[in-house]
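Student: Next up is a structure, given as structure tokens.
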Amino acid sequence: MGTIREITRKVYLGDHEISLVGEKPKLGRRVSTCFHANPARKARAKLTLEKISKGLVIISTLPNIRSFACSQQVFDLEMEVKEHLPEAKIFHVASDPKSGWEEVDKLHPFLKSPGFTLDGVDSESVESFKQAFGVGVKGHKRIAHGLFALQDGEFIVSYIPRQQYGIPNIKRFIRKIQDSLK
């Protein structure tokens with residue numbers, strides 16, 4: 001019996017090389033794996049496959065919600081979506097404990113998009129999420145920065161920055177969504 005080949009990709013945190021586990025989502029592919037993430041901010045129920053399978057949905061993955069870059073990603077994404085894609089639903093997912101979201105609420109209490117955590121979620125579900133979005137950091141519980149747009153559960157834009165240090169280019173991501181919807 002053959003072994004399953006683990007797919008990894010290289011990204012960078014400054015000069016430091018990081019290996020991501022899972023394939024970068026291909027456009028047109030459906031999210032079909034079962035997973036859940038626990039509610040952490042402005043959400044009562046778990047994030048599940050069913051919630052991201054209807055309409056235009058944006059998934060934002062965050063490596064460290066307490067960091068400036070992640071907090072700014074949450075802010076910038078909501079502001080850009082509100083202006084350019086108001087019909088889209090945004091779901092942020094981090095691997096930090098729920099308490100990490102307190103900083104976001106202190107800095108940006110008016111933001112409406114819900115936050116979720118993979119902390120406290122069963123390992124099978126966490127790995128399914130990391131594989132489905134290609135954001136698992138090899139040998140670590142963290143996930144990488146990523147932005148994903150889905151239309152009725154199908155990937156229409158996938159953006160995992162090669163340089164993980166800093167804030168992803170949200171304006172470019174929004175333009176790509178707009179172009180894909182034309």
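The numbers here are math on the coordinates, done by the rules we state, and not lab data. What you see is a predicted model, and the numbers here were worked out from it, not measured in a lab. Here the Cβ is made from the backbone with ideal geometry for all residues, glycine too, and neighbour counts use every protein chain on show.
Student: Could you run the Karplus curve 6.51 cos²θ - 1.76 cosθ + 1.60 with θ = phi - 60° over region 12-19 and give me ³J(HN,Hα) per residue in whole Hz, x for Gly and Pro?
Tutor: Per residue, the Karplus-derived 3J(HN,Hα) values read 10, 10, x, 8, 7, 7, 10, 9 Hz.
Student: So what's the back-of-envelope 222 nm ellipticity for the chain, counting only DSSP H runs of four-plus at -39500 (n - 2.57) apiece and dividing by all residues, rounded to 500?
Tutor: -8000 deg cm²/dmol
Student: Hey, another quick one. So if I place +1 on the C-beta of Lys and Arg and -1 on the C-beta of Asp and Glu, and nothing else carries charge, what would the dipole magnitude of the chain be about its Cα centre? I want it in debye, nearest 20.
Tutor: Value, rounded to 20: 280 debye.
Student: Taking H placed 1.01 Å from N in the peptide plane, check which residues at least 5 places from Phe35 or on another chain put their amide H under 5 Å from its amide H.
Tutor: Under 5 Å from the amide H of Phe35 lie the amide H atoms of Leu49, each far enough along the sequence or on another chain.
Student: Applying a 10 Å radius around every beta-carbon, put 32-43, 152-163 in order of their mean neighbour count, most first.
Tutor: 32-43, 152-163
Student: I've got another one for you. Distance between Cα centroids, region 55-97 to region 114-143: provide it in whole Å.
Tutor: Here the answer is 16 Å between Cα centres.
Student: For region 158-163, take each phi angle, set θ = phi - 60°, evaluate the Karplus expression 6.51 cos²θ - 1.76 cosθ + 1.60, and give the result in whole Hz per residue in order, putting x for glycine and proline.
Tutor: 9, 9, 10, x, 5, 9
Student: Of all beta bridges DSSP finds with both residues in the chain, what is the antiparallel percent, to the nearest 5?
Tutor: Approximately 70 percent, going by the DSSP bridge assignments.
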